[in-house]
Amino acid sequence: MTPSRSILPIIVLAGFAVLMLSAAAMAQTVRAVDSVGITVSDMDRALAFYRGALDFRPVSDVEMAGPEYEALTGVFGARIRVVRMALGDEAVELIQYLAPEGRPIPADSRSNDRWFQHVAIIVSDMDRAYARLRAAKARHASTGPQTLPDWNPNAGGIRAFYFKDPDGNPLEILQFPPGKGDSKWHRADDRLFLGIDHTAIVVADTDASLALYRDRLGLRVAGGAENYGTEQEHLNNVFGARLRITTLRAASGPGIELLEYLTPRDGRLAPADTRANDLWHEQVTLLTDDLTPADAARHRLVSPEIVVLPDRNLGLGRALMARDPDGHAFVLAQPSRQDHAHD
């Protein structure tokens with residue numbers, strides 16, 4: 001029997017609704033970007049820098065070992081010290097592998113190498129912040145603070161500077177002009193370092209990365225731009241830099257910014273044997289309300305399976321570590337207060 005002409009639109013709409021529901025069911029909904037983990041070789045030295053130069057404050061300091069943490073990180077014999085450091089509403093986690101120690105960041109790392117990842121710290125006064133970093137003897141990654149040109153409607157007037165922590169991990173300070181950035185970065189405040197806007201990662205193919213972060217993890221695209229010119233070249237310290245930039249966000253927490261170098265395309269791949277204790281390894285902790293074996297099956301895993309963590313000092317009950325198409329790590333985690341068993 002052929003459907004009548006009057007009910008065909010209903011059938012089409014119903015089919016479309018089923019497809020949309022199926023796509024939604026496939027996506028793991030990340031509700032918050034909790035923190036960015038930065039691997040360091042000497043915790044005391046790192047704490048002195050992040051506290052003294054950047055005004056981060058420690059909120060927890062824990063040491064962990066055991067088979068669960070070995071499974072989560074993929075590092076056998078791991079003994080890990082994690083210090084959570086807050087700045088405004090956001091946080092980083094400094095991670096030192098007391099055992100086994102990992103490899104240092106390559107001395108010739110560049111901003112377009114695929115292992116590049118930075119944390120963007122918002123400042124209220126770029127000149128004062130730069131002077132603070134010079135006094136702390138922070139190493140330059142940019143040639144100096146850059147003001148992005150007004151011809152670029154999305155980025156014009158933004159001031160930015162790349163630098164390195166004592167281990168060579170790249171960081172950025174960023175000052176938004178009026179009318180750009182989140183409104184909270186423009187509140188009257190006597191603080192110099194205000195918080196973390198995003199973490200940026202270099203990717204080979206924006207669309208491949210969106211297939212993970214947007215389509216599978218459920219982050220939303222919050223903005224984008226194409227940046228180039230002498231200011232961008234000197235910010236990244238890469239001659240001829242032309243970038244496609246895409247910002248993703250969850251309901252709360254800092255954003256994840258995808259940096260695709262349209263030119264030059266000679267950035268090196270992340271080493272295939274990268275491990276979580278290597279100093280170029282950084283990780284983003286993404287919080288979800290429910291974590292199931294089906295979620296684990298859809299990712300490039302570091303952990304062999306979902307790990308139930310034995311203590312709750314990090315606030316996580318169940319977690320797994322995975323890597324994106326370019327090797328950047330993320331920890332998909334369920335907060336401990338919602339921990340429960342799955343069949």
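FYI, it's all coordinate maths here, none of it is from the lab. None of these values were measured; they are calculated from a predicted model. When we count neighbours, we look across all protein chains shown, and the Cβ atoms used for this are built from the backbone with ideal geometry, even at glycine.
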Taking only DSSP H segments of four or more residues, each worth -39500 (n - 2.57), what value at 222 nm results for the chain once the sum is divided by all its residues, to the nearest 500 deg cm²/dmol? -5500 deg cm²/dmol
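Once the Cα gyration tensor of segment 117-263 is diagonalised, what are the square roots of 5 times its eigenvalues, in whole Å and ordered largest first, as equivalent ellipsoid semi-axes? List each step's numbers first, then the result.
Details: eigenvalues 109, 67, 47 Å².
Rounded to whole Å, the semi-axes are 23, 18, 15.
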For residue 164, go through the lysines and keep the ones whose alpha-carbon is under 23 Å away, minus same-chain ones fewer than eight residues off. 137
Once the in-chain neighbours fewer than 8 apart are removed, the aspartates and glutamates whose Cα is under 12 Å from residue 184 read 89, 197
Let me check I've understood the local charge: for residue 263, count other residues with C-beta under 14 angstrom from its C-beta, Lys and Arg +1, Asp and Glu -1. What total comes out? 0
Once both label points are put 7 Å beyond Cα along the C-beta direction, the residue 76-residue 311 separation in nm becomes 2.5
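How high is the FRET efficiency between residue 297 and residue 220 when r is their beta carbon distance and R₀ equals 22 Å, given to the nearest 0.05?
Details: r = 24 Å, r/R0 = 1.09.
Efficiency at R0 = 22 Å is approximately 0.40.
Please state the shape class of segment 219-343: rounded when a/c is under 1.5, otherwise prolate if a/b exceeds b/c and oblate if not, all from the C-alpha gyration tensor. Write out the running numbers ahead of the final one.
On the way: a/c = 2.69, a/b = 1.97, b/c = 1.37.
Verdict is prolate for segment 219-343.
Shape call for segment 175-245 from the C-alpha gyration tensor, a ≥ b ≥ c root eigenvalues: rounded (a/c under 1.5), prolate (a/b greater than b/c) or oblate? Walk me through the numbers on the way to the answer.
Working: a/c = 2.42, a/b = 1.23, b/c = 1.96.
Cα axes put segment 175-245 in the oblate bin.
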What share of the DSSP beta bridges in the chain is antiparallel, in percent to the nearest 5? 75
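Just the number: Rg to Rh for the chain, Cα atoms, Kirkwood Rh, two decimals. Provide the component values of the computation, followed by the final result.
Values: Rg = 21.2 Å, Rh = 21.1 Å.
The Rg/Rh ratio comes out at 1.00.
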